[in-house]
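Asks: This is the structure I want to talk about, given as structure tokens.
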Amino acid sequence: MLLQMENITKHYGNVTANQAVNFDLGEGEVHALVGENGAGKTTLMRILYGMEQPSSGSVKVKGNVVSFANPASAMASGIGMVHQHFMLFPSFTVAENIVIGREPTSGGVFDRKQAAALVEKLGEQYGMPVDPWAVVSECPMGMQQRVEILKVLYQGADIIILDEPTGALTPLEVKELLANIKSLALQGKSFIIITHKLHEVMEVADRITVLRDGRLTGTLAATDTDAEQLSRLMVGRELVSLEKQQLELGKAVLEVKGLGIRGPKGKGKALLKDIHLQVRAGEVVGIAGISGNGQSELIQAISGLRPVDEGTVQLAGVDIKGMAVRDIREHGLAHIPEDRYLWGAAKDATVLDNGLMGHHRSLQRKGLVKGKEARAKVSEWIRQFGIKAGSLDNKIQNLSGGNLQKLIAAREFAHDAHFLIAAEPTRGVDIGAMETIHTELIRKRDAGVGVLLVSSELTEILQLSDRIVVMYEGEIAGELSAKDATEEKISLLMSGGNRQT
């Protein structure tokens, strides 16, 4: 075996993140590591990459026992890691990002032409061509992912750890990435993929290791298992199938007409152009599109986070254009934001305070929050959604991204609102939490709430939506009913093809 991790145990005080976990990897193998949030996947890989030290256990590379004090020492042994949030310099070129730390020089000065030539050759060698002179900030997410992989290949990695590698990619970019992984594996490179997406696991992995509560629950060949068995191993039970009632739709809870947002200072290309959108009581309207095509601006315009230049926005018949966020909320809007850190939480506040946001006024007596009732309410959400938060008085920044996402979702579901924006509601959460959030979204819909679902996950859009609207370059490129929608049709509209007029 190229890599062996034997009896890895990791304690954080009284908390055990990994308990006697065994994991190995062969040359040219793609080995997926799956499990719910808090199962110990990331901790295990942080140990392998030298970011954490095990409490006990050993790591062997090519049969030799190794101990990595930091990522640099792991890289020296041929181990590279591509993190979930890309670690690139946006203002640098592709070549500059790839060679950083091992820059070619001429006369003691960084040689950009040589760097570009090296990167171009590297891309050709591994079947992952790139434009070495392109500025990273102008590259689509799929190309940035490719740059990250080429960066670790340039540094000499034989073992590549990919942490949630498809989280920000379009369906076409995902297919391209999986094809690249298979191609690199045939050339002898070995991959460890941390992911929640079991259909991708089944497509690309040779073996799958499942962790639950820090313990190994199984390692299986992909040919000997399926997504259902993996789900059971991950959560310890059968998942509930999602059922939607056939409802007679109610009145429009959201009515957007001719919505437009101009470019910065009124110049340049419009961010939104002539958007017409309706969401009725008792339906889920899905918004699909490649990131950066106006979805964020649309959400911000509806929720009051961004001013509107043209058109109108009505919530339950009330014109909310120009209203303060608080007033829009009080008119019946709940909002799971797409960026949990920027819009959804206050990192220096406690779990309790973050859970109470938007609910605190209803829990006040004489200007003070009723502490006992407030703690009971947030504790119930934590129990219901399986949130691993420790004490309610812990800082929210100590929660994992997935657990923070679950807390925000629970908080917003608890509002008695007739309209809900759910933007990337399951980003970074495990399969069990995804089931809970999906079930709650449908429960809201069945109770007569209008839901606007914005998601980069086409499977999520297709599973939950009654109607699907596709955005491209700030406009609505087309609309499909749930029964007529396919991944191929949506992907074509997302890329600007076959636009409906």
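The values are calculated or read from the model by the stated rules, or taken from the named source; none is laboratory data. Bear in mind the structure is a predicted one, so any value in this text is a computation, not a measurement. Cβ coordinates were reconstructed from backbone atoms using ideal geometry, including for glycine residues, and neighbour counts include every protein chain displayed.
Asks: So is L122 closer than 22 Å to G50 by Cα, touching a helix residue (DSSP H, G or I) at 6+ places or on another chain (Cβ under 8 Å) and of a type outside the set (K, R) or not?
Replies: The answer is no for L122.
Asks: Report those strands (runs of 3 or more DSSP E) wholly inside segment 1-113 carrying at least 2 residues which are under 23 Å from the mean Cα position of the chain (by Cα).
Replies: Because the criterion is at least 2 residues that are under 23 Å from the mean Cα position of the chain (by Cα), the strands (runs of 3 or more DSSP E) in segment 1-113 that meet it are 30-34, 79-82.
Asks: Looking at (1) closer than 27 Å to Q187 by Cα; (2) touching a strand residue (DSSP E or B) at 6+ places or on another chain (Cβ under 8 Å); (3) surrounded by fewer than 16 Cβ atoms within 10 Å (Cβ to Cβ), which is the one condition that is false for G101?
Replies: (2)
Asks: Hey, another quick one. I'm told E424 meets every condition in (1) on the phi > 0 side of the Ramachandran plot; (2) touching a His at 6+ places or on another chain (Cβ under 7 Å) except one. Can you identify the failing condition by its number?
Replies: Condition not satisfied by E424: (2).
Asks: Against the condition under 27 Å from L464 (Cβ atoms), buried (at least 19 other Cβ atoms within 10 Å of the Cβ) and out of contact with any Phe, Trp or Tyr (no Cβ under 9 Å at 6 or more places or on another chain), how does N293 come out, does it pass?
Replies: The answer is no for N293.
Asks: Take the residues in segment 403-431 that are of a type in the set (G, A, S) and surrounded by fewer than 22 Cβ atoms within 10 Å (Cβ to Cβ); name whichever of them is farthest from A39 (Cα to Cα).
Replies: For segment 403-431, the residue satisfying everything is A414.
Asks: Right, next: For segment 392-405, indicate whether the set of residues that are small (G, A, S), outside any helix (DSSP H, G or I) and under 24 Å from D327 (Cα atoms) is non-empty.
Replies: no
Asks: Being polar (S, T, N, Q), closer than 20 Å to L198 by Cβ and either in contact with a Pro (Cβ under 7 Å, 6 or more places away or on another chain) or touching a residue at least 24 places away in the same chain (Cβ under 8 Å) (or both), is that true of even one residue in segment 6-22?
Replies: Among the residues of segment 6-22, not one is polar (S, T, N, Q), closer than 20 Å to L198 by Cβ and either in contact with a Pro (Cβ under 7 Å, 6 or more places away or on another chain) or touching a residue at least 24 places away in the same chain (Cβ under 8 Å) (or both), which makes the answer no.
Asks: Hey, among the residues in segment 406-428 that are among the aliphatic types (A, V, I, L, M) and assigned to a strand (DSSP E or B), which one's farthest from the chain's Cα centre (by Cα)?
Replies: Going through the qualifying residues, I end up with L420.
Asks: Take the residues of segment 457-489 that are within 17 Å of E435 (Cα to Cα) and in a loop (DSSP other than H, G, I, E, B): which is modelled with the highest pLDDT?
Replies: S465
Asks: Then there is this: Residues to consider are D393, D416; find the one that is farther than 15 Å from L356 by Cβ, among the acidic types (D, E) and out of contact with any Phe, Trp or Tyr (no Cβ under 9 Å at 6 or more places or on another chain).
Replies: D416
Asks: Here is a further query. Let me confirm something: among E487, E479, which residue is surrounded by fewer than 21 Cβ atoms within 10 Å (Cβ to Cβ) and in contact (Cβ under 8 Å) with a residue 60 or more places away in the chain?
Replies: Criteria check complete, one pass: E487.
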